[in-house]
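In what follows, a structure is listed as structure tokens, so that the remarks can point back to it.
The values are calculated or read from the model by the stated rules, or taken from the named source; none is laboratory data. If you're wondering where the values come from, they're calculated on a predicted model, not measured in any experiment. Positions of Cβ are generated from backbone atoms using ideal geometry, with glycine treated the same way; all protein chains shown enter the neighbour counts.
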Amino acid sequence: MDTRAQLTDLPQGQKEAFHNSLLKRQSELVEEVSKTLISKAFENRYTLHPRRLKKLASEEVEIFINFFSTRDTEAIIEHGKKRSIEGLGEHPLLALFRIFQKCSLAISKDHNYDSLHYASETVGSFMETYLHGYMTERIKQTLTDQEQLRRALSTALEKQRQELFIKNFAIHTYINGIMLTDLDGKITYLNPAFMKMWGYDNLDEVLETDNSKFLGVQDFSELLHSLSESEGWQNEFNAVRTDGSTFDVVVTASLIQDEKLQPVGIMTSFIDVTERKRLESQL
């Protein structure tokens, strides 16, 4: 099957001249894309190391330039899926597109009107097919997440209504570590992300125990008082896993209220910021 885009074409000599102009700017493009991706590192869905971002910049520029020769949209769709899986964010991706668009249009002005039309259509096709692959994979991932949530909710329906309400609240934010406690500070629920973050294998090790050791505080009553006075509470500290290793974590707690706005428990989320802090120290 021919997967090449059916776009405005140029005589072979003009295409080669345009392609050579892109190749001459390749190093300049890689440097600009690299700086942009690193500046937007925290807008990605997953943490990408600066070294990876620099390599990614080189790969993206090469793929973009090659598209002017191959116009293989199927390859670009698959590439978009790959970047979605890797965790490249929408904003960094759109910034990358703007750089490519600006460069190709600048080159076309050095040639003629046909080159301008050729560049505009080719870049448009590149962005459209790239985004098609990228968003197709994002939707697929979202549907998978929704199915996991559906299964979790189906299990929770067998339990008491109040427990369902609390766990439903937690399940919808399951990407981070989640801990639920009663108003006495006793742990009633932990999600898998929490268990993995702290290094626990067995829920029985921590259920019904005091939550203070996971909050970086000594007195739970102070936390409860703070929650009663404000909408939430946050702390950041260096935590210790069960195996003795450490990690930096941001802890956010809030009261869970029932339909009558009466407090029924506390939800605490945990975000491992170790990698983020390490990257910040390098930038």
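Details
- Qualifying residue in the stretch 28-39 (condition: touching a Phe, Trp or Tyr at 6+ places or on another chain (Cβ under 9 Å), at pLDDT 90 or above, surrounded by 13 or more Cβ atoms within 10 Å (Cβ to Cβ) and part of a helix (DSSP H, G or I)): yes
- For residue 241, the criteria (1) under 28 Å from residue 275 (Cα atoms); (2) modelled with pLDDT under 90 hold in every case but one, which is (2).
- Tally, over the stretch 203-224, of residues that are under 13 Å from residue 266 (Cα atoms), over 28 Å from the mean Cα position of the chain (by Cα) and not charged (D, E, K, R): 6
- Counting only residues that are at pLDDT 65 or above, aliphatic (A, V, I, L, M) and within 25 Å of residue 209 (Cβ to Cβ), the stretch 136-165 holds 1 of them.
- Any chance residue 182 is at pLDDT below 90, over 30 Å from residue 44 (Cβ atoms) and not polar (S, T, N, Q): no
- Selection of the stretch 225-261 for residues being more than 27 Å from the chain's Cα centre (by Cα) and either free of Cβ contacts under 8 Å to residues at least 12 places away in the same chain or in a loop (DSSP other than H, G, I, E, B) (or both) yields 225, 226, 229, 230, 242, 243, 244, 257, 258, 259, 260, 261.
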